[in-house]
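Accompanying notes for the structure given below.
The values are calculated or read from the model by the stated rules, or taken from the named source; none is laboratory data. All figures in this text were calculated on a predicted structure; none of them were measured in a lab. Every residue, glycine among them, receives a Cβ derived from its backbone with ideal geometry; neighbour counts consider all protein chains shown. The area values use the complete protein model at the heavy-atom level, side chains included, leaving out ligands, DNA and RNA. Shrake-Rupley method; radii C 1.70, N 1.55, O 1.52, S 1.80 Å.
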Amino acid sequence: MRYLPLVWAAIVRKPTRAVLTLLSVTVAFTLFGLMIGLNAAFDTIAERARADRVYTWPRYGGAAPIAVAHQIEAMPGIKAATGLNFLPGYVQDPKNQAFVLMVDQNAAKVFGDWVPPDQWNVVWRERTGIVMSRMQAQRWHKKVGDTFTMICKTIKRADDGTTWTFRVVTIVDDIPQIFNGFMFGNFDYIDKAKPLADQGKVSEVDFLADDPAKSSDLAAQIDHTFANSATPMQTITEKLARSGNDFGGLDIKKITFGIALAGMFMVLFLTGNGIAESVRERFAEFATLKTIGFSDRAVTIMVVLESALPCVIGAVLGVGLAAVLARQIPKLMPPTFSMPMPTMSPAVMLWAAAAALAVAALSAALPVLRLRQMDIASALSGRS
Amino acid sequence: MLRQIFVVSALNFRSLMGRFWQSMVIVVGLAATIGVMLSMLSLSTGMREAYSKAGDPGRAIVVSKGADQEGQSAITRADAPVIADAPGIAKDKDGRPLADRNLNMGVPVLRKDGSKGFTTMRGLADKGQGVRPELHIVAGRMFQSGKRELVVGVGAQAMFQHMQIGDKVILPNGQWPIVGVFATGDLLEGQLIGDTETMLAALHKTTYNSVLVRLTSPNSLDTFKKALTTNPALSVTVERHSDWYKRVGDQSTFVLALLGYVVGAVMAVGALFGCLNTMYAAVSARGREIATLRALGYGAFPVAVSVVLEAVLLAVTGALLGALIAWALNDGKQSMFGAMVFHLSVSRAQFELAVTWAVVVALLGGILPSIRAARRPVVEALRAT
C-alpha cells in the first residue's frame, strides 16, 4: 500500500488518458455484467425449476378433454393434476397482449409455490376472481378490488361475446421463472361461458409427481399412452423445459460469454497500451527507483497496481451500472418477448473480479518484463 | 488546401507504423464491436431473408380479417371456393384457379442436441405445387393427397432428429411416415408438409389457416383484393405474399435486431473512449512534426483533417476486419430460432453498416483531438521534448 502515492502520481500525470481508460473499462464491464448476469439469471431459473412438476398439452394444439386430466391424476406416482385453459387476449388495444391461465382448484396443490394456499382460496371464492403477480398488476395499473377487462377474439363463447371481465382479488409476488409475471383465473368462468360442445376441455394439464426422479419416466409414459388417441399429448418436466439456458434453441451461454469476452479483449488492448506507454515514458524514473534500492518485486507491484487500478475501479463501476440497467430491462422489453432480468449474483461479481485481474495482469506483463530486464545504466542515461 | 491535406496525411500515415500498437487500440476496438454486432445481427438478418425469400410478389395470401399471422386466421370450407373463384387468379392448364388451401400448426420436435423444440407443419392442398413452383423434391417422393404421409424440408432434416425418410411423426389418430425430402430455398425448408384435407380430418379441424393464390400477374392484386373485400359474404384480409412475409419477418425479428444494435452501441461507446484516447496520444506524439509543418506554413485545417482521417482509416480497417470475422464465423451457417430454421447471414448491407458505424465512431473520437492538434501554439510544441 505504501506504493499507492507513487502509483497515483503516475496515473494522474496524464488525466485524459486515465479518465478515458476508466470510462472504456467501465463500459466494457457494464456489458460484461449484463451478459454474465443474464446467463446467471438463466442458471437460477434452471436451478429453481422443479423436477417433480410436469407439463403436458395436446401435441397439435387445440384442447384435450378434461378426462385426460383425470386419467393422468389416476396414474400411479402422481400427486395432483390440474387442468388449465388458456385465455389469450388483449387490453383495449391488440398491442397490449394479455394472458390468463384459467385453473381448477387442484392448482393450489400443483402451483402452491406460485400463489400461497390462502390466496388461492380467495380466488376460488369468486367465479370472476383473478390473481395477478406484482409485475402484471403494475402493467395494468390494478390494485385489489379493481376490475380487469380483456378482449379475446379467439375463444368462442356461447353468447358470442369477446369481453372478459375479472375482479382483482389478490396480488402476489412474482417468481423468477416467469419473466413478465402471471395471472390466474377460475376454470369454471371460462368453461361455462363456452358453447356446450366446447365445454369440459383443457389446453394443458400440469401435475406433480410423487418422486422427482421418476418424473421424466412419467412424461414418456404419458406421451406413449396418448400417442394413438384422438389427442396425442406432449409432455415435458419443468426441469427439462427450463434447463440448458434454452432460448429459442440458441446457446445463451456461448453467446453471452462470447460478447463479454469480446468486450474484455477490446479493453485489454487499451489498458495494455496505456500501461506500456506510461512505463515507456517513465523508463528513466524506474531506473532511478531501482538505483535508490527499489527491488524488482517493488517495481513489479507498482506497475501491476497502476494497471489494476483502472481495471478494478472500472469493473466495480461497470457491474454497478449493469445492476441499475438490469432493473430497467423488463420495462423496456416488449411484453411478448420474455427475457429474464440479469442478476448480479456473487458468482457474476467473482467472474468480473477475475476478468479485471486477468486484464490487469496481462496488460502489465510485458512492461514488467521490460523493467526487470532493464539495463539501469543505459536507462538512466536515456539511451534505451 | 487539398494538396496540403494530402501532404500532411501522407506524412501522418507514414509514421503510423511507429505507433502500431497504439493504433491497434482503435482497430481492435472497432473489430470487436462490429464482430459482435454483426454476429448477433446475422440471426435477425438471416431470419428476415428466409421470410422475404418465401414471399413472392406474384402471390397473394388470404387470411381472416385482421389476422396478422396464419396461426390467428381461420378460413372456412365454405369460404375457400368463393376465394378461388375471384378474378385475378392465374389458372392451371386445365383452367382451374391456382388457389391453395393451407394449414399451419406447430409440431414438437427433438433438436439434434437433444432439447425439445417446435417447428411448423404445413398442409398444402391439390394446387400446392402449382402455387409454389419453387418447392421441389430432392429425395424420396412427394406425399400423395388423401394419404397420411409427410415430406420434410432439408433444413428441418439438418436441425432435428427423426426426420429421415421412413421415420414416423406422431399425429392425432396415428403416426405418419416421412416419404420425401423437399427444398424451397426459404423458410419452408424448416418445416414438414402434408396434405391439407387429410390433416384436417385427422386433427378434427374444420377451418384452413389461409388460402394462397398465384395472381395472373403481380399487377392483378388490386382486382383480386377488391373482389374479395367487397364481397359481403367474406370477412377476409388480402395481402401480397411478399408484403405479408416482409411484415411478419420484421415483426418477429424486431427484438432480436434491437438486441444486436443495443449490444453494438454499448461496445461502440467503449471503442469510442479508446479511439479518443489513442488520438489524443497520437496528437501528442506527433506534436513536433505538426509544429514543424505549421512553421513551414501549413494551415491548421489540413492538420486537423489529417488527424480525423487517421482515425477514420483505423476505425474502418477495424470494422471491416470485424465484419469479415463475423462473416466467416456465421454467414450461411444453418441455424434456428424458435420454430424457424434458416441460414445466418452477414450481407453486403451489414458491411456497409459496419463502415458507417466506424466512420461515426472515428469522427466522434477524432474531432476533439484534431482540434487540440490544430490549436496547439507552434512555438510551445517545437520547444517541447
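Full extension from residue B:359 to residue B:233: what is 0.36 nm times the residue separation minus their Cα-Cα distance, to one decimal in nm?
39.6 nm
Sorted from longest to shortest, the spans of the Cα atoms of chain B along the three principal axes equal 92, 48, 31 Å.
If I stretch the segment between residue A:13 and residue A:214 completely, what's the gain in nm (0.36 nm per residue apart, minus their alpha carbon distance), one decimal? Please list the in-between numbers first.
Values: separation 201, 0.36 × 201 = 72.36 nm, distance 6.63 nm.
Difference between extended and current length: 65.7 nm.
Close amide-amide hydrogen proximity is noted between residue B:139 and B:181, each under 5 Å apart and 5 or more residues distant or on a separate chain (H modeled in the peptide plane; Pro and chain starts excluded). With coordinates expressed along the principal axes, the C-alpha atoms belonging to the stretch A:66-181 extend over 46, 33, 27 Å, beginning with the largest.
Mind giving me the FRET efficiency for residue A:295 and residue B:383? R0 is 35 Å, r the Cβ-Cβ distance, nearest 0.05 is fine. The pair residue A:295/residue B:383 has a calculated efficiency of 0.40. Out of every Cα-Cα pair that chain A contains, those further apart than 34 angstrom amount to 48 percent. Put simply, the amide H of residue B:191, placed in the peptide plane, has neighbours under 5 Å in B:153, B:156, leaving out anything fewer than 5 places away on its chain. One equal scatterer on each Cα of the stretch B:313-360, no solvent, Debye formula: the resulting log10 I(q)/I(0) at q = 0.13, 0.16, 0.17, 0.32 Å⁻¹ is -0.35, -0.49, -0.53, -1.09.
Gain on full extension, evaluated as 0.36 nm per residue between residue A:158 and residue A:70 minus their Cα-Cα distance, stands at 29.2 nm.
Axis angle, to the nearest 10 degrees, between helix A:4-13 and the longest C-alpha principal axis of chain A: 90 degrees. When the surface is traced with a 1.4 Å probe over the full set of protein chains, residue B:34 keeps roughly 0 Å² accessible. Computed about the Cα centre, the dipole magnitude for the protein assembly as shown is approximately 2260 debye when only Lys and Arg (+1) and Asp and Glu (-1) carry charge, each at its Cβ.
Between residue B:69 and residue B:111, the FRET efficiency from the beta-carbon distance, with R0 = 25 Å, is close to 0.65. Among A:165, A:128, A:235, determine the one that fluctuates most according to a GNM of chain A built with springs between C-alpha atoms less than 10 Å apart. Evaluated over chain A, the most mobile residue of the options is A:165. Note on the stretch A:138-258: semi-axes of the ellipsoid equivalent to its C-alpha gyration tensor, largest first and rounded to whole Å, are 31, 25, 15.
I need the fraction of alpha carbon pairs in the stretch A:1-94 separated by more than 20 Å, rounded to a whole percent. Value for the stretch A:1-94: 71 percent of Cα pairs lie more than 20 Å apart.
In the stretch A:16-124, which trypsin sites (Lys or Arg not before Pro) fall in coil by DSSP and have 10 or fewer other Cβ atoms within 10 Å?
Values: sites: A:17, A:48, A:50, A:53, A:59, A:79, A:95, A:109; in loops: A:50, A:59, A:95.
Qualifying residues, ordered by number: A:95.
For chain B, the longest principal axis of the Cα atoms and the long axis of helix B:20-54 meet at an angle of about 20 degrees.
Here each label is just a point 7 Å from Cα along the line to Cβ, and for residue A:2 and residue A:377 those points are 3.0 nm apart. Amide H contacts of residue B:340 (H built 1.01 Å from N, in plane; Pro and chain starts excluded): no residue 5 or more places away or on another chain comes under 5 Å. Once the gyration tensor of the Cα atoms in the stretch B:226-385 is diagonalised, the equivalent ellipsoid follows with semi-axes of 52, 18, 12 Å, ordered largest first.
Roughly how large is the A-B contact in terms of buried accessible area, totalled over both chains, probe 1.4 Å, nearest 100 Å²?
Values: alone 19330 and 17700 Å², together 33420 Å².
About 3600 Å² of accessible surface is lost on pairing.
Percent of Cα-Cα pairs more than 25 Å apart in the stretch B:171-298, please.
Numbers: 5207 of 8128 pairs.
Summing the P(r) tail past 25 Å for the stretch B:171-298 gives 64 percent.
Residue A:8 exposes around 140 Å² of accessible area when a 1.4 Å probe is run over every protein chain in place.
Taking the Cα atoms only, what angle lies between the long axis of helix B:2-14 and the longest principal axis of chain B, rounded to 10 degrees? Taking the Cα atoms of chain B, the angle to B:2-14 is about 90 degrees.
Ranked from largest to smallest solvent-accessible area, with a 1.4 Å probe on the protein heavy atoms, B:241, B:343, B:162, A:224 come out as A:224, B:162, B:343, B:241.
Pairs of alpha-carbon atoms within less than 8 angstrom and 6+ residues apart define the contacts here; what relative contact order does the stretch A:50-148 have, in percent? Walk me through the numbers on the way to the answer.
Details: 66 pairs, mean separation 14.6, N = 99.
RCO, the stretch A:50-148: 15 percent.
Distance from the C-alpha centroid of the stretch B:278-313 to that of the stretch B:144-190: 65 Å, rounded to the whole angstrom. When you filter the trypsin sites (Lys or Arg not before Pro) in the stretch A:208-257 for DSSP loop state and at most 13 other Cβ atoms inside 10 Å of their Cβ, nothing is left.
For residue A:159, the accessible surface of its heavy atoms amounts to roughly 110 Å² (probe 1.4 Å, protein chains only, rounded to the nearest 10). Within the stretch B:298-373, list the trypsin sites (Lys or Arg not before Pro) lying in a DSSP loop whose Cβ has at most 14 other Cβ atoms in a 10 Å radius. Passing sites in the stretch B:298-373 are B:333.
Longer than 28 Å from Cα to Cα, which of A:239/B:112; B:53/B:112; A:253/A:331; A:95/B:225; B:226/B:246; A:194/B:225 are they? Say none if no pair is.
Details: A:239/B:112 19 Å; B:53/B:112 25 Å; A:253/A:331 24 Å; A:95/B:225 26 Å; B:226/B:246 22 Å; A:194/B:225 34 Å.
In this structure, A:194/B:225 exceed 28 Å between Cα atoms.
Considering the protein assembly as shown, its Cα convex hull presents a mean projected area of 41.4 nm².
Could you tell me the calculated FRET efficiency between residue A:47 and residue A:316, based on Cβ-Cβ distance and R0 = 35 angstrom, to the nearest 0.05? Don't skip to the end; give the middle numbers.
On the way: r = 27 Å, r/R0 = 0.76.
Using R0 = 35 Å, I get an efficiency of 0.85.
Looking only at the stretch A:108-133, which residues have a backbone nitrogen under 18 Å from a spot 7 Å from the Cα of residue A:144 in the C-beta direction? Counting only backbone N, you get A:114-133.
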